[in-house]
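Report on the structure given below.
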Ligand code: NAD
């Protein structure tokens, strides 16, 4: 396929590289001038999108994704697909879908889970909203960039799945970290805490696979001085998207709201920015109840 790839950052660059390595013609654009082996450099977003069967975008937020879509859609041909893998708000995704549909272009919102490691290894999980036929047509590309792709329904549902997943993740990480900090103060050995919880009803991905306590459980960012991994800043971004969506549809998400507030304080007023989101554990350790 001829693929236009717009947004060659930490995630987009390795994804584009994997598509090129699998034999696709990839033309990439990023204003920062990043480029990768096998990826032809396009001079603009329009240049990358011109003549493409599929245009993939991997961008920081909904505002930028909408503006890039407005540049790409006019030069894309009818029957082609715009695949946005960025994490953006549901409303922005649905708005791009409507504009694409008006031009006879199919839009899929396909945010990912798995981080930079998953992008490099080609093991991402895609959660995809949009037409089932387009989802099926692009499955060879999902297979190259990822290990799992789930069709979640109509436009915006991929983003809905992503923010619900990450709201659970943020809430669970905070719960795991505050429980470790409490266990410390109660004199419970961390290894014993892990051995019990990871095999009891408190188990979770944040405890079992991404333990925030250094030296406990499988290797995680805690074992690397809390270098991300998944930065607290990105967790805050996703939690904010969850709260924006909750407001839009009048959903009651008190735990999501509390997690958003805690990550906001951590990132904006404390030392959380640039650290992994599991660095909530040293944060709680350094605090007392009052
Ligand atoms: P990044 O900041 O490294 O990359 C974004 C790229 O977009 C940058 O290279 C930037 O130059 C480019 N860009 C900005 N404005 C542009 C424009 N107008 N036209 C073209 N390109 C433009 O971010 P990232 O870590 O690659 O994340 C990309 C998306 O993936 C985000 O939505 C993020 O939330 C999501 N995501 C990231 C991770 C992760 O672990 N990094 C995991 C899952 C999802």
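The values are calculated or read from the model by the stated rules, or taken from the named source; none is laboratory data. Predicted model, so just to flag it, every value in this text is computed and none were measured. Backbone-built Cβ (ideal geometry, glycine too); neighbour counts: all protein chains shown.
Any residue in region 224-234 that is more than 16 Å from the ligand (Cβ to nearest atom) and farther than 22 Å from residue 161 by Cβ?
Scanning region 224-234 turns up at least one residue that is more than 16 Å from the ligand (Cβ to nearest atom) and farther than 22 Å from residue 161 by Cβ.
Residues that are within 14 Å of the ligand (Cβ to nearest atom) and at pLDDT 95 or above: does region 130-137 have at least one?
no
With the requirement that a residue be within 16 Å of the ligand (Cβ to nearest atom), farther than 27 Å from residue 165 by Cβ and out of contact with any helix residue (DSSP H, G or I) (no Cβ under 7 Å at 6 or more places or on another chain), what does region 69-115 give you?
Those that are within 16 Å of the ligand (Cβ to nearest atom), farther than 27 Å from residue 165 by Cβ and out of contact with any helix residue (DSSP H, G or I) (no Cβ under 7 Å at 6 or more places or on another chain): 70, 74.
Can you pull out every residue in region 11-26 that is out of contact with any helix residue (DSSP H, G or I) (no Cβ under 7 Å at 6 or more places or on another chain), closer than 22 Å to residue 88 by Cβ and more than 10 Å from the ligand (Cβ to nearest atom)? Quick ask: steps written out before the conclusion?
First, the residues of region 11-26 that are out of contact with any helix residue (DSSP H, G or I) (no Cβ under 7 Å at 6 or more places or on another chain): 12-13, 16-17, 20-21, 23-25.
Imposing the further condition that a residue be closer than 22 Å to residue 88 by Cβ reduces the set to 12-13, 16.
The answer is 16, and nothing else.
Within region 161-171, does at least one residue satisfy the condition of being closer than 27 Å to residue 259 by Cα, within 15 Å of the ligand (Cβ to nearest atom) and not in a helix (DSSP H, G or I)?
The answer is no; no qualifying residue exists.
If I ask for residues that are more than 8 Å from the ligand (Cβ to nearest atom) and either under 16 Å from residue 141 (Cβ atoms) or in contact with a helix residue (DSSP H, G or I) (Cβ under 6 Å, 6 or more places away or on another chain) (or both), which ones from region 47-64 would you list?
Filtering region 47-64 down to residues more than 8 Å from the ligand (Cβ to nearest atom) leaves 47-56, 62-63.
48, 49, 50, 52, 53, 54, 55, 56, 62 - these are the residues of region 47-64 that are more than 8 Å from the ligand (Cβ to nearest atom) and either under 16 Å from residue 141 (Cβ atoms) or in contact with a helix residue (DSSP H, G or I) (Cβ under 6 Å, 6 or more places away or on another chain) (or both).
Could you look through region 160-175, keep only residues that are free of Cβ contacts under 8 Å to residues at least 40 places away in the same chain and over 16 Å from the mean Cα position of the chain (by Cα), and pick out the one that is nearest to residue 128 (Cα to Cα)?
172
Tell me which residues, restricted to region 27-46, are surrounded by 17 or more Cβ atoms within 10 Å (Cβ to Cβ), more than 9 Å from the ligand (Cβ to nearest atom) and modelled with pLDDT under 95.
Initially, region 27-46 is screened for residues surrounded by 17 or more Cβ atoms within 10 Å (Cβ to Cβ), giving 27-30, 34-36, 38-39, 42, 45-46.
So of that shortlist, the ones also more than 9 Å from the ligand (Cβ to nearest atom) come out as 27-28, 35-36, 38-39, 42, 46.
Selection gives 35, 36.
Could you check region 52-101 and list, in sequence order, the residues that are in contact with a strand residue (DSSP E or B) (Cβ under 6 Å, 6 or more places away or on another chain) and surrounded by fewer than 19 Cβ atoms within 10 Å (Cβ to Cβ)?
53
For region 112-125, give me the residue count where each residue is surrounded by fewer than 17 Cβ atoms within 10 Å (Cβ to Cβ) and part of a strand (DSSP E or B).
Total meeting the criteria: 0.
For region 126-159, which positions are part of a helix (DSSP H, G or I), over 22 Å from residue 14 (Cα atoms) and within 16 Å of the chain's Cα centre (by Cα)?
Passing the criteria: only 157.
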